[in-house]
Structures are given as C-alpha cells and as structure tokens.
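Structure, as structure tokens:
The values are calculated or read from the model by the stated rules, or taken from the named source; none is laboratory data. Remember, it's a predicted structure, so these values are computed and weren't measured experimentally. Note: ideal-geometry Cβ built from the backbone for every residue, glycine included; neighbour counts use all protein chains shown.
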Amino acid sequence: MNLILQGLHTQRGVIEQIAQLARPRLIIAIGDHAYRCQDISYNDEVKAQIDVAAWAAELDYAFVEHRRTLSDFRLLAMDMDSTLITIECIDEIADMHGLKPQVATITEAAMRGEIEFTESLTRRVALLAGLDASALEKVYDERLQFSPGAKKMLDAVKAAGIKTLLVSGGFSFFTDRIRRELDLDFSHSNCLEISNGKLTGRIVGDIVDAGGKARAVERVCAETGIAPGQAIAMGDGANDLKMMKGAGLSVAYRAKPIVRAQADVALNFVGLDGILNLFE
C-alpha cells in the first residue's frame with residue numbers, strides 16, 4: 001500500500017512527521033504539494049492516527065494500492081451541485097425569489113441525510129412555484145462556477161479514455177448545459193416543469209434520488225460494457241452514497257461527515273484534480 005498526502009500548501013517536515021505514523025520505505029514528491037509515501041504499514045490504528053493528524057494539518061490523505069493507475073478505470077460518475085460546481089443550483093434559483101434561507105435549510109438537512117431526498121426536493125421545488133424561468137439562465141450565467149481543479153481533472157480523465165457521467169438530483173437545465181460545455185459523455189437529472197414561462201413548482205417524471213443516481217451509473221456501465229468496479233463515483237451528500245457504494249472507487253469531495261466516513265477517499269482541502277495524485 002501507498003499513502004498519498006496532499007494539500008494546498010505543504011511543508012516537507014509536516015509531511016514526513018505524519019507519514020512516519022505509517023513507516024513508509026520512501027517518500028516521493030509527486031506534485032507541487034503532493035507526496036507518495038511508498039510501502040507503508042497499514043491497519044485501522046494507523047488510519048485513525050493519520051486521519052486526525054492530516055485533518056489538523058489541513059492535508060488530504062488516501063491509502064492506495066501499489067501501482068494503481070487512472071487507466072484501471074473506465075467511467076467517472078460525478079455529482080453536480082457542490083461537487084463538479086461550487087453552488088447548489090436550487091438555492092441560487094430560490095435566491096431570485098427571496099427564498100434562499102428556507103430552501104438552503106432543507107438542502108443542508110437532506111445532504112446530511114436528515115430528510116429523505118425525494119421529500120426534500122419536492123418541498124424545495126414547490127417553493128419555486130411562480131418564479132420566472134429566466135432565473136435559471138441567470139443562475140447559469142452569473143453564479144455557476146466549476147470547482148477548483150475540475151477542468152484539469154476532466155482533461156486527464158478524457159486523455160485516459162475514461163467516459164464521463166454527470167448524475168444529479170438537480171436539474172436538467174444545468175446538467176445539459178454543463179455536459180455540452182465540458183464535452184461530457186452522459187448526464188442524468190431531474191426536469192423542472194415550466195408552464196407559460198414560469199416554474200410550476202413540480203418535477204416532470206420520476207425524481208432522481210439516491211437510487212436513481214445508482215441506477216443511472218449501472219445503466220451507463222451496462223450500455224458501455226463497463227464493470228461497476230471500473231467506475232469512480234464522486235459526490236458530497238447522503239444521496240450520493242448508493243452510487244458511491246457500487247463503484248470501484250468512491251470519492252467524497254468537500255462532503256458531509258456521513259459521506260466522508262463511508263468513502264474510499266475524501267478530498268477536504270485540495271481541488272477535484274487531487275484524485276489524479278492517487279494514481280501512478
């Protein structure tokens with residue numbers, strides 16, 4: 001096993017101090033602020049110690065099998081809101097209606113797993129009834145930003161021949177545009193009902209919840225001849241856990257504690273391109 005340590009700012013001395021908890025044979029710099037600690041000692045006690053030390057030093061860590069490469073995988077499935085992009089689209093739409101605090105409170109509770117996702121989305125979308133649909137375009141043009149490292153990550157993933165899927169409990173208005181802008185292979189999300197240029201406060205068709213996300217990943221794998229174990233799934237909220245559980249590698253990005261605890265890798269400090277440092 002190897003241990004990867006990385007951060008936005010790193011000091012070699014701090015890296016060596018934390019790495020010694022796993023007694024590596026060798027420590028190699030693999031980027032400006034990333035290190036691979038090779039041939040480590042790994043057990044639950046070591047993991048717990050490094051978890052505490054890395055968090056205190058604002059470093060991300062990952063235990064990775066020796067010689068694992070990015071090309072071992074064939075699909076990258078990404079959540080949208082607060083993962084590939086920095087915002088929660090529904091919160092920003094609500095802000096156009098003066099309802100962001102009410103909607104954001106429900107969003108946070110759902111992402112922590114305190115409210116069932118379908119119920120939370122139904123409640124949030126209902127609050128948007130009567131809002132002019134032009135607010136969607138305004139959110140996309142004025143507020144939507146990609147997460148740090150997103151484009152670098154996607155460039156590397158595409159170069160490795162990996163298919164890309166944007167799967168979201170959010171809305172097709174945004175996923176469709178992002179898919180075109182970033183040249184992604186697939187997208188799957190909810191469709192907001194619009195009548196006479198205004199949001200009705202309803203979703204068209206079945207709601208894409210945790211199960212819907214997992215099924216979307218399974219469907220794309222089946223259609224492309226990819227084994228689920230060859231998929232990387234990344235997300236930040238409780239409704240991402242099912243698709244992450246079925247993947248070969250699960251990545252929690254700036255995620256809620258319930259998600260960080262169950263993911264193979266958690267990126268709490270570095271950008272999305274931090275996953276590239278996991279591979280040789």
* To do: Scan region 69-82 for residues that are surrounded by fewer than 18 Cβ atoms within 10 Å (Cβ to Cβ) and out of contact with any Asp or Glu (no Cβ under 7 Å at 6 or more places or on another chain) and jot them down.
  => 71, 72
* Structure fact -> Within region 220-264, restricting to residues that are under 11 Å from the mean Cα position of the chain (by Cα) and in a strand (DSSP E or B), the one that is surrounded by the most Cβ atoms within 10 Å (Cβ to Cβ) is 235
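Residues checked against (1) more than 21 Å from residue 252 (Cα to Cα); (2) touching a residue at least 12 places away in the same chain (Cβ under 8 Å); (3) among the basic types (Lys, Arg); (4) in contact with a Leu (Cβ under 6 Å, 6 or more places away or on another chain):
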| position | (1), (2), (3), (4) |
| --- | --- |
| 73 | no, yes, no, no |
| 77 | no, yes, no, yes |
| 81 | no, yes, no, no |
| 86 | no, yes, no, no |
| 99 | yes, yes, no, yes |
| 124 | yes, yes, yes, no |
| 131 | yes, yes, no, yes |
* Are there any pairs, at least 6 apart or on different chains, whose C-beta atoms fall under 6 Å, with the first in region 136-152 and assigned by TED's automatic domain parsing to the domain that holds residue 89 and the second outside any helix (DSSP H, G or I) and surrounded by fewer than 16 Cβ atoms within 10 Å (Cβ to Cβ), and if so, which? -> 145/86; 147/86
* **Options 114, 137: the member that is exposed (fewer than 15 other Cβ atoms within 10 Å of the Cβ), of a type outside the set (A, V, I, L, M) and in a loop (DSSP other than H, G, I, E, B)** => 114
* Out of 77, 110, which single residue is at pLDDT below 95 and in contact with a helix residue (DSSP H, G or I) (Cβ under 6 Å, 6 or more places away or on another chain)? -> 110
* Asked: Does any residue in region 1-17 that is under 21 Å from residue 273 (Cα atoms) come within less than 6 Å, Cβ to Cβ, of a residue that is among the polar types (S, T, N, Q) and surrounded by fewer than 22 Cβ atoms within 10 Å (Cβ to Cβ) six or more places away or on a different chain, and which pairs are these?
  -> 2/38; 4/277; 6/277
